[in-house]
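All of the numbers you see were taken from the coordinates with simple rules; none came from a lab. Please read all numbers here as calculations on a predicted model, not as lab measurements. Glycine gets a Cβ as well: all are built from the backbone with ideal geometry, and neighbour counts include every protein chain shown.
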Amino acid sequence: MVPRVRNPSLLGVSLTAAALGATALLACASSSGNGASGGATDAGIDRRLAGPIHPAASCLVTIETPDLLPAMHVPEGTVITYNSNPPSSGPHYPIWANFQEYAVPLDEGYLVHSLEHGAVALLYKCEPTAPGCADTIAALRKIRDSLPSDPTCDPSIRVRVIIAPFPRLEEPVAAVAWGITYKAECVDVPTLTQFAKDNYAMSPENICAPGRTF
């Protein structure tokens, strides 16, 4: 069973994009003097995996919970070293990436901030024109589209999911949420969909406000 992360409740209130933006600013401004976001260094992990797990799938799938790194804001452009690939926690830029599909890789400092806000990122390592890559992207879109609409998100966003190329991956496909990674040799729809559902909005800051588009 994939470990879950408790996240602050929004009390069932559907917020407008403007209200969410204000909430995001307040949450991110709650950093302590050393720049660590309030509560971000203790994401409320119920339990950690003792090691990698490999759920039954059509190809090799590996799920891990890397050590959580302090979630401090650093200036945009700062070179950041993460302890997992793809990164799943740690320092990040003050601006987060909007929850959408991208045709180009995202700087990891923006991506990690989106994860802190409860996003799930679906990532792939292939050139769009390479054989089979279009099928991979289409499968990731179907997984995103299968998730129920998030009532805290503006309709233009719908769900906190990012789809993007990630050339640094060691596997063809990966997914990541705050504190947990999924890596696979193929798009295994059942396990990847379950990962996205289990780890959606499980983060220190449960915020669905529009971010920066790249």
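Quick notes on this one:
- Scanning segment 117-151 for residues that are farther than 22 Å from THR191 by Cβ and buried (at least 23 other Cβ atoms within 10 Å of the Cβ) yields one hit, HIS117.
- For segment 56-69, a residue qualifies if it is assigned to a loop (DSSP other than H, G, I, E, B) and either touching a residue at least 60 places away in the same chain (Cβ under 8 Å) or surrounded by fewer than 20 Cβ atoms within 10 Å (Cβ to Cβ) (or both), and the qualifying residues are ALA56, ALA57, SER58, CYS59, LEU60, THR65, PRO66, ASP67, LEU68.
- Among the criteria (1) farther than 29 Å from PRO70 by Cα; (2) free of Cβ contacts under 8 Å to residues at least 40 places away in the same chain; (3) part of a loop (DSSP other than H, G, I, E, B), the one ASP145 does not fulfil is (3).
- Among residues of segment 70-97 being under 15 Å from GLU205 (Cα atoms) and polar (S, T, N, Q), the one that is surrounded by the most Cβ atoms within 10 Å (Cβ to Cβ) is SER89.
- Residue match in segment 87-99 (condition: of a type in the set (A, V, I, L, M, F, W, C) and over 12 Å from the mean Cα position of the chain (by Cα)): yes
Listed here are the residues, each with its yes/no results for (1) within 14 Å of the chain's Cα centre (by Cα); (2) closer than 17 Å to LEU147 by Cα.
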residue: LEU169; (1), (2): no, no
residue: ALA175; (1), (2): yes, yes
residue: THR181; (1), (2): yes, no
residue: CYS186; (1), (2): no, no
residue: PHE195; (1), (2): yes, yes
residue: ALA201; (1), (2): yes, yes
residue: GLU205; (1), (2): yes, no
residue: CYS208; (1), (2): yes, yes
